[in-house]
C-alpha cells in the first residue's frame with residue numbers, strides 16, 4: 001500500500017479554497033500572529049474581489065504592521081488593492097448596549113445577569129456589522145489563545161442566553177406587555193416587546209454565524225507558534241478546543257526557526273537549533289496530517305506594506321536557504337526604500353515649514 005503524501009507545507013491551499021469566508025489566525029502571544037495574518041490577507045487580496053482583516057486584540061498591532069493608522073471602521077490598505085483593515089475591541093461599550101439599558105430595569109437586569117452575555121452581545125453586533133460589509137473573505141487577527149477561545153465561545157453563550165429570554169417571552173409575554181403599558185413605555189418605542197424583538201434578531205444572526213463557523217467550507221483556523229515547549233503546549237490546547245467547537249483547523253505556522261545553515265560558528269545558535277529540532281520533531285509527530293509551514297528567524301522585523309508583500313511569499317512556498325536569502329535581500333531593499341521615502345517626507349515638511357516663516 002502506497003504511503004499517503006503529506007500535506008503541502010504552505011498556506012497556498014487557503015488561496016485555492018475559494019469558498020472560505022472566515023479565516024482566524026491565533027496562538028500564544030508574541031509568536032507572530034499579526035505578521036502571519038497580515039501576510040495571508042495580502043496574498044488573499046490578490047485572489048479575491050475584496051478582503052477585510054480585523055484585529056480583535058485589545059492591544060492592536062495591525063496599524064504597526066502596515067505602518068498605517070486603522071480604526072473600528074474599514075480602511076483601504078495603502079499599496080494593496082482589494083484589502084481593507086479595521087481594529088475592534090470585542091468587549092462591551094456603553095453605546096453598544098444602549099438599547100438594553102433603555103428598556104425596563106427588571107429586563108435589563110435579567111439580561112445582564114446571564115454570564116458573559118454583555119461581551120457576547122457586543123460580539124454579535126460586531127459580526128452583524130461585518131456581515132453587512134459584504135467582503136468576500138474576512139481574516140481575524142486574534143488576541144492570545146485565552147482571549148480567542150472566549151471569543152469563539154460567544155456564539156454559544158449568546159445562543160444559550162437568548163434562548164432563555166425567548167422562553168420568557170412565550171411564558172410571560174402578556175404580563176410583560178401589561179407591565180410595559182403601566183410603566184408608560186409604549187409611546188416612544190422603548191417597549192419590552194421591541195427589546196425582545198431586538199434580542200431575537202441578534203439570536204438569528206448568532207445562529208447563522210455559529211453554523212458558518214462550524215462549516216469547513218466557510219471557516220478555518222490557522223495556528224501560529226514557535227518551536228518551544230510553552231508554544232507547543234498552547235498550540236495543542238488550542239487545537240483540542242477548536243475540535244470541541246467543531247471548527248476546522250488544518251494549518252500551523254511555525255515561526256522563528258533557526259535552521260542549521262544559519263548558525264555559522266555560534267555555539268549558542270547551535271544549542272538553540274538542537275533545542276528547536278526536538279520540538280519540531282514533536283510538531284511533525286502530532287500534526288502529520290496538518291499543513292505545517294516552517295519559517296526562519298529573520299534578521300529584521302516585518303513592518304510596512306512592502307515588507308509584508310515580500311514576507312507573504314514565504315507562506316506560499318516551502319522553506320529553502322536560497323529562498324531565505326532572497327527574502328533577506330528583499331527586506332533590505334524594502335528598508336532602503338522606506339528610508340528614502342522618509343527622507344523625501346522630511347524634505348517636504350522642511351519646505352512647508354520654510355514657506356510659513
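What follows is calculated from the coordinates using simple rules that are stated; it is not laboratory data. This is a predicted model, so every value here is computed, not measured. Please note: Cβ atoms are built from the backbone with ideal geometry, for glycine as well, and neighbour counts cover all protein chains shown.
State, to one decimal in nm, how far the label point of residue 339 lies from the label point of residue 300, with both points 7 Å from Cα in the Cβ direction. Once both label points are built, they end up 0.8 nm from each other.
Of the peptides 210-222, 7-19, the order by per-residue mean of other Cβ atoms within 10 Å, starting with the highest, comes out as 210-222, 7-19. Spin-label pair residue 63-residue 204: with each label point 7 Å from Cα along the Cα-Cβ axis, the two points sit 3.7 nm from one another.
Note on the stretch 1-37 and the stretch 217-271: Cα centroid distance 11 Å, given to the nearest whole angstrom.
Scoring 231-243, 274-286, 54-66 by mean Cβ neighbours within 10 Å over their residues and listing the highest first yields 54-66, 231-243, 274-286.
Stretching the chain fully between residue 347 and residue 214 yields a gain of 42.5 nm (0.36 nm per residue, less the alpha carbon separation). Here the simple spin-label model places points 7 Å from the Cα toward Cβ, and for residue 78 and residue 281 these points are separated by 4.9 nm. Subtracting the Cα-Cα distance of residue 246 and residue 136 from their residue separation scaled by 0.36 nm leaves 37.3 nm.
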